[in-house]
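Participant: First the structure, which I've put down as structure tokens, then a few questions once you've had a look.
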Amino acid sequence: MILILACLALNACAPSARSGKSFEQIRKMVMGKTQAEVEHLLGPPDSTENLLLGDVRWIWRNYTYLGGKNWAPEIHGRVVHLEITFSGPLVAPAGREDRSQWRVSEPYGVDFSLPGS
């Protein structure tokens with residue numbers, strides 16, 4: 001019983017994030033970056049989703065944790081899936097589909113989801 005309480009209090013029994021950086025640190029690090037730059041910083045995503053209006057979302061599972069002081073106590077420190085949405089240029093050169101230059105959507109392009117939800 002004491003071990004269970006200690007695990008819960010320290011979040012020590014939760015799966016660890018693949019990155020040592022918090023969600024907030026990663027958000028600051030990738031804002032305004034291209035897909036190529038983000039992939040260089042974080043590695044390839046675990047999955048991608050094509051979104052309705054042509055944007056694309058990259059997802060890294062169990063990649064980071066919520067480390068900022070603004071999170072509710074019940075989710076502070078939780079490991080989360082990192083989700084980054086990229087948008088293409090408003091006017092793209094004809095016949096060119098080079099998504100490596102797409103940039104992180106502003107202002108809400110970096111988000112997270114809780115595993116299992």
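Rule-based calculations on the coordinates, nothing more; no lab input. Computed from a predicted structure; not experimentally measured. Note: ideal-geometry Cβ built from the backbone for every residue, glycine included; neighbour counts use all protein chains shown.
Participant: Can you list the residues, at least 5 places off or on another chain, whose amide H is less than 5 Å from the amide H of K33, using H built in the peptide plane?
Facilitator: V104
Participant: Quick one: what are the phi-derived ³J(HN,Hα) couplings along the range 57-69, Karplus 6.51/-1.76/1.60 with θ = phi - 60°, whole Hz, x for glycine and proline?
Facilitator: 10, 9, 10, 10, 7, 6, 8, 9, 9, 8, x, x, 7
Participant: Under a straight-distance cross-link criterion of Cα-Cα below 16 Å, which aspartates and glutamates are reachable from K21, leaving out those fewer than 8 residues away in the same chain?
Facilitator: Here the aspartates and glutamates satisfying the reach criterion relative to K21 are E39, E83, D111.
Participant: 7 Å from Cα along Cα→Cβ at both S100 and H76: what's the point-to-point distance in nm?
Facilitator: Each label point lies 7 Å from its Cα, and together they span 4.2 nm.
Participant: Assign unit charges at the C-beta atoms only (+1 for Lys and Arg, -1 for Asp and Glu), then state the dipole size of the range 46-86 relative to its Cα centre in Debye, rounded to the nearest 20.
Facilitator: Result for the range 46-86 is approximately 180 debye, rounded to the nearest 20.
Participant: Scan around D46 for amide H atoms under 5 Å from its own, H built in the peptide plane at 1.01 Å from N, and keep only partners 5 or more places away or cross-chain.
Facilitator: I59, W60, R61
Participant: Show me, for the range 76-89, the HN-Hα J-couplings you get by feeding each phi into the Karplus relation (A = 6.51, B = -1.76, C = 1.60, θ = phi - 60°), rounded to Hz, glycine and proline as x.
Facilitator: 4, x, 5, 6, 9, 7, 8, 10, 10, 9, 10, 10, x, x
Participant: Contour minus end-to-end for E49 and M31, with contour as 0.36 nm per residue of separation and end-to-end as the Cα-Cα distance?
Facilitator: Values: separation 18, 0.36 × 18 = 6.48 nm, distance 1.92 nm.
Stretched out fully, the E49 to M31 stretch lengthens by 4.6 nm.
Participant: Using 0.36 nm times the number of residues separating K69 and Y108, minus their current alpha carbon distance, what extension gain do you get? Provide the component values of the computation, followed by the final result.
Facilitator: Numbers: separation 39, 0.36 × 39 = 14.04 nm, distance 1.94 nm.
Difference between extended and current length: 12.1 nm.
Participant: Another one. Just order 34-42, 107-115, 65-73, 80-88 by mean Cβ neighbour count inside 10 Å, highest at the front, would you?
Facilitator: Working: 34-42: 16.1, 107-115: 14.4, 65-73: 12.4, 80-88: 20.2.
The packing order, highest mean first, is 80-88, 34-42, 107-115, 65-73.
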